[in-house]
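Worksheet: one structure, shown below.
The values are calculated or read from the model by the stated rules, or taken from the named source; none is laboratory data. Treat the numbers as computed from the prediction; the structure is a model and nothing was measured. No Cβ is skipped: glycine too gets one built from the backbone with ideal geometry, and neighbour counts run over all protein chains shown. Just so you know, the surface numbers come from the protein's heavy atoms only, side chains and all, with ligands and any DNA or RNA stripped out. Shrake-Rupley method; radii C 1.70, N 1.55, O 1.52, S 1.80 Å.
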Amino acid sequence: MTTAAQHAYDSYEALVEDYFEKGWTDGLPIMPPTPEKVAAFLECAGLSGDEVLGTVPTREVTCTAEQAAANAVMAGCLPEYFPTVVAAVRAHLQPKGNCHSTTGTLSGAAQAVIINGPIRNELGVASGAGCFGPGFRANATIGRALRLVIRNVCRGIPGFLDRASYSTPARYSFCFGENEEASDWEPLHVQRGLAPEQSAVTVHSLMKMVEATDFTSRDAEGVCDTLVTNIRANGIAGDAWLGEEGNVVIVVGHEHHRFFVEEGWSKADIQQYLWPRLNAPATSATDRMARIGKPEGILIVAAGGAGMGASWLLLPHLALAITEPVS
Amino acid sequence: MELEWAGVPSIAIVHEEMRGSAQAIARVSGCPDYEFLTVDYPWVPIAIWSKEECLELAEIMAPKVLTALTGQS
């Protein structure tokens, strides 16, 4: 196992410029991954540097904990964020996380990192107003760390193995928490078999994000029908390799969530309502089948702030949403 | 506030969920104690309202506006 070479620089500016020159950043400045900081991150996660977090066989890539730690430092993470970054890397590098396809695709798919459990509040992961955007260190740097691993370790470099026609700003960083405190809804990680007190990360590779606005409906069914219309306008093809386990993530916004809570709808109720309607045969080019194998494949997440009557649809690329515990 | 500064008696109506941003604007405008009326749920902050919903809300808010502007209930 190789260890990262050490380089000496006269100044921070010289280091950053050299990193830009070598193509080791996402186009933004980075924090220097000093050996001391990398060691502190590894210690925080209880990992040795040569621990393998995952592989990308098509690319002959093996990602070690040391490599992930260096990129987490560069992304601006604090040491205590690193176990969460490790879980995100492990999730994305699962075979059906499909790193090679989702980071090389012409479509410019992005990775959503969804955080559940106590670690959200311990790290200050935003799950309310503005949670998709800038202003929150944990969100910004954990999502960025995964993307830097994809770039610097998994070789997802634009013009090389990243062949996106446009790419997307979500590829700088896309990380948010589920607002578990908003209701008694079962959190995503619990739906996926983990204990409520277990922190976890779900990584979902998305082909595109679609905002499903609905300022008119005043009840749960009306909101669900809007979700169906918006998903079916795009369609989801399904994939033989993914089988019946495919996913779509629906981030239910505050103003829509209210109607579900008022009417006592659980996540399972929403899944049962949506599933047959999504899987119904196409009727036109703008009303297409959204092929999801099971109701449980529709992943419902509460997040976002008050105001907009909107939810967000994270439509899948060729991968499963993978949930990994934070250990 | 700009209407007030122009000499036009006025009162702003904001949604309860927007109270924080309204207070922030009042603060940066140098009027931290500026008072405004609020609307709460079941009226949502942004909506396409029916005529009936508009009338119902107006009936609730109009007396409050009158009181705020004139001091008379």
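I'm checking my understanding of the structure. Among residues of the range A:277-327 that are open to solvent by less than 60 Å² (accessible area, probe 1.4 Å) and among the acidic types (Asp, Glu), which one is nearest to the other protein chains (Cβ to nearest Cβ)? Break it down stepwise before answering.
Taking the range A:277-327 as the starting set, the residues that turn out to be open to solvent by less than 60 Å² (accessible area, probe 1.4 Å) are A:278-280, A:284, A:287, A:290, A:292-293, A:295, A:297-307, A:309-311, A:313-317, A:319-326.
When the remaining residues are screened for being among the acidic types (Asp, Glu), the result is A:287, A:324.
On the way: A:ASP287: 23, A:GLU324: 35 Å.
Once the filter is applied, the top-ranked residue is A:ASP287.
How about the range A:215-256: which of its residues are in contact with a strand residue (DSSP E or B) (Cβ under 7 Å, 6 or more places away or on another chain) and within 14 Å of another protein chain (Cβ to nearest Cβ)?
Matches in the range A:215-256: A:THR226, A:GLY253, A:HIS256.
Pick out the one residue from A:GLU43, A:GLU17, A:GLU36 that is over 25 Å from the mean Cα position of the chain (by Cα), in the same structural domain as A:VAL149 (by TED's automatic domain parsing) and under 16 Å from A:LEU78 (Cα atoms).
On the way: A:GLU43 fails: over 25 Å from the mean Cα position of the chain (by Cα); A:GLU17 fails: under 16 Å from A:LEU78 (Cα atoms).
Just a single option satisfies the conditions, and that option is A:GLU36.
For residues that are in a loop (DSSP other than H, G, I, E, B) and in contact with a strand residue (DSSP E or B) (Cβ under 9 Å, 6 or more places away or on another chain), scanning just the range B:42-73, find the one that is farthest from the other protein chains (Cβ to nearest Cβ).
The initial filter retains those residues of the range B:42-73 that are in a loop (DSSP other than H, G, I, E, B), namely B:42-50, B:71-73.
With the extra rule that they be in contact with a strand residue (DSSP E or B) (Cβ under 9 Å, 6 or more places away or on another chain), the set shrinks to B:43-46.
Working: B:TRP43: 10, B:VAL44: 5, B:PRO45: 5, B:ILE46: 6 Å.
Residue satisfying both the conditions and the ranking: B:TRP43.
For the range B:17-37, what are the residues that are within 14 Å of chain A (Cβ to nearest Cβ) and open to solvent by 40 Å² or more (accessible area, probe 1.4 Å)?
Taking the range B:17-37 and keeping what is within 14 Å of chain A (Cβ to nearest Cβ), we get B:17-22, B:24.
Result: B:GLU17, B:MET18, B:ARG19, B:GLY20, B:SER21.
Here are A:ALA69, A:ALA75, A:ALA87: which of them is open to solvent by less than 10 Å² (accessible area, probe 1.4 Å) and without any contact (Cβ under 8 Å) to a residue 40 or more places away in the chain? Even if it seems obvious, please write down each step before you answer.
Details: A:ALA75 fails: without any contact (Cβ under 8 Å) to a residue 40 or more places away in the chain; A:ALA87 fails: without any contact (Cβ under 8 Å) to a residue 40 or more places away in the chain.
Exactly one residue qualifies, and that residue is A:ALA69.
What tally of residues in the range A:243-276 results from selecting those that are surrounded by 17 or more Cβ atoms within 10 Å (Cβ to Cβ) and in contact (Cβ under 8 Å) with a residue 12 or more places away in the chain? Working first, answer last.
So the first thing to find is which residues in the range A:243-276 are surrounded by 17 or more Cβ atoms within 10 Å (Cβ to Cβ), and the list is A:246-260, A:265, A:267, A:270-271, A:273-275.
Narrowing the set further to residues that are in contact (Cβ under 8 Å) with a residue 12 or more places away in the chain leaves A:246-257, A:259-260, A:265, A:267, A:270-271, A:273-275.
Qualifying residue count for the region: 21.
With the condition kept exactly as written, say whether any residue in the range A:78-88 is touching a strand residue (DSSP E or B) at 6+ places or on another chain (Cβ under 7 Å), hydroxyl-bearing (Ser, Thr, Tyr) and over 12 Å from A:VAL149 (Cβ atoms). Let's see the steps before the verdict.
So the first thing to find is which residues in the range A:78-88 are touching a strand residue (DSSP E or B) at 6+ places or on another chain (Cβ under 7 Å), and the list is A:84, A:86-88.
Remaining after also requiring hydroxyl-bearing (Ser, Thr, Tyr): A:84.
Keeping just the survivors that are over 12 Å from A:VAL149 (Cβ atoms) gives A:84.
Looking through the range A:78-88, at least one residue is touching a strand residue (DSSP E or B) at 6+ places or on another chain (Cβ under 7 Å), hydroxyl-bearing (Ser, Thr, Tyr) and over 12 Å from A:VAL149 (Cβ atoms).
Quick one: what pairs do we get from the range B:7-20, first residue within 25 Å of A:MET308 (Cβ to Cβ), second part of a loop (DSSP other than H, G, I, E, B) and open to solvent by 60 Å² or more (accessible area, probe 1.4 Å), C-beta under 6 Å, 6+ apart or different chains?
Partner pairs satisfying both residue conditions: B:GLU16/B:ASP40.
Within the set of pairs 6 or more residues apart or between chains, which connect a residue that is at negative phi inside the range B:31-57 to a residue that is in a strand (DSSP E or B) with Cβ atoms less than 6 Å apart?
Within 6 Å, the pairs are B:PHE36/B:ALA12; B:PHE36/B:VAL14; B:LEU37/B:ILE13; B:THR38/B:VAL14; B:VAL39/B:HIS15; B:PRO45/B:HIS15.
What number of residues within the range B:25-60 satisfy the criterion of being more than 15 Å from the chain's Cα centre (by Cα) and within 24 Å of A:PHE215 (Cβ to Cβ)?
Going through the range B:25-60, the residues more than 15 Å from the chain's Cα centre (by Cα) turn out to be B:27-32, B:42, B:47-53, B:55-56.
Filter once more, keeping what is within 24 Å of A:PHE215 (Cβ to Cβ): B:42, B:47-53, B:55-56.
Result for the range B:25-60: 10.
Residues being under 23 Å from A:LEU315 (Cβ atoms), assigned to a helix (DSSP H, G or I) and open to solvent by 40 Å² or more (accessible area, probe 1.4 Å): count how many of those fall in the range A:140-181.
Result for the range A:140-181: 1.
Within the set of pairs 6 or more residues apart or between chains, which connect a residue that is of a type in the set (Asp, Glu) inside the range A:122-149 to a residue that is part of a helix (DSSP H, G or I) with Cβ atoms less than 9 Å apart?
Once the first residue is of a type in the set (Asp, Glu) and sits in the range A:122-149, its partners that are part of a helix (DSSP H, G or I) give A:GLU122/A:GLU80.
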